[in-house]
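First up is the structure itself, then whatever we jot down about it.
Read-outs: derived from the displayed coordinates by stated rules, not from any lab. Source: prediction; values computed, not measured. Cβ sites come from the backbone with ideal geometry, for glycine too, and all protein chains shown count toward neighbours.
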Amino acid sequence: MSISNSHKEYYEIPEFWDKIFSHDPDEQIRISMVISAIPGDVQTVLETGCGNGAIINNISNQKKNIERIVGVDISKIALSHVKTEKFECNINELIFEDKSFDLVIASEVIEHLTFNDFIRGIKEIQRVANKYILISVPNDENLLVNSRMCQKCYCWFNPNYHMNSFDKQKLYHLFDNFEMVWVKEVGPVIKMKKYSKFAAARFHYLKKPIAKIGICPQCGFNYANRKEEYDIIGRKIKQTDPIKKKMRVCLDILTRLFFTKKINKKRWLLALYKRSYILKNKYN
Ligand SMILES: [Zn+2]
């Protein structure tokens, strides 16, 4: 197990799993797109990182021919919402035999994996999948712009614990033994900001955006119930001066108007892979 304690703590926040996915219409679109993308000849499904079961709890309503549905996750709290067969298990050490499932789903999971977990997790997904793999990830997330600073220890982190960003090209080369059948953009169209060097500097290095959600992976400061008023070296954490705040807002508006382009793209990428029999014959 290489997931740090802060990461584990983040995934055990009860309110997170009570609310996530169920009240967000955009997430509902993603969930129904994932379920409708399941190929017709699939009879057994494993979802790695199933969270609160938003996908697997709904598969049997739409796909009547599926005989076995299993979810695994590292969060006990998340698994308490899952209604199918389930196991507490890490993606990098799956407890199943080789080729145990016709389909393995990893939806909004692989972008959360640290480097070693990612390498092992990808191998494990390929090992237990017999026919297909279905992946969804945020569409080309700008990790630099989305990172935030811990107000206690000043380290930078992604409040959603996203460690990786994927575009279509990266997804194409994800697996050795599976080839991509298709990849598509799904979900609502969002305006992705493309920053000039000046705007990136303004928003990232000068503004020092403070995290508002998440748990700092370095010092464990929890933004869900922030009570501490002192930083790591004992200085009182200052509230922002209201006049400075107004000046910053004006500068931000000007930067957005003159130094930022907007690109329309859909929020997620969804990709289906099929086991490559050419490669399988070559190596088996
Ligand atoms: Zn910190």
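Taking the Cβ-Cβ separation of Ser36 and Cys153 as r and a Förster radius of 41 Å, what is the calculated FRET efficiency to the nearest 0.05? Present the calculation step by step, with values, prior to reporting the outcome.
Details: r = 44 Å, r/R0 = 1.07.
Once the sixth-power term is evaluated, E becomes 0.40.
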Which distance in nm do the two modelled labels at Glu9 and Phe198 give, with both placed 7 Å along the Cα-to-Cβ direction?
4.2
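Set the Förster radius R0 to 25 Å, insert the Cβ-Cβ distance between Leu143 and Arg68 as r into 1/(1 + (r/R0)^6), and round the FRET efficiency to 0.05. All intermediate terms of the calculation are to be shown ahead of the outcome.
Numbers: r = 36 Å, r/R0 = 1.45.
E between Leu143 and Arg68, to the nearest 0.05, is 0.10.
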Computed lengthening from Asp252 to Lys76, 0.36 nm per intervening residue step minus Cα-Cα distance:
59.2 nm
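I'd like to compare 31-38, 46-53: which one has the highest average count of other Cβ atoms within 10 Å, and what's the full order after that?
Those peptides, ordered most packed to least, come out 46-53, 31-38.
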Determine, from the Cβ-Cβ distance of Phe87 and Lys170 and an R0 of 41 Å, the FRET efficiency 1/(1 + (r/R0)^6), rounded to the nearest 0.05.
0.90
Amide H proximity to Val181 below 5 Å, modelled H, separation 5+ or other chain, gives Leu272, Tyr273, Lys274
Pair Asp24, Phe115: separation of 7 Å Cα→Cβ label points (nm):
2.8
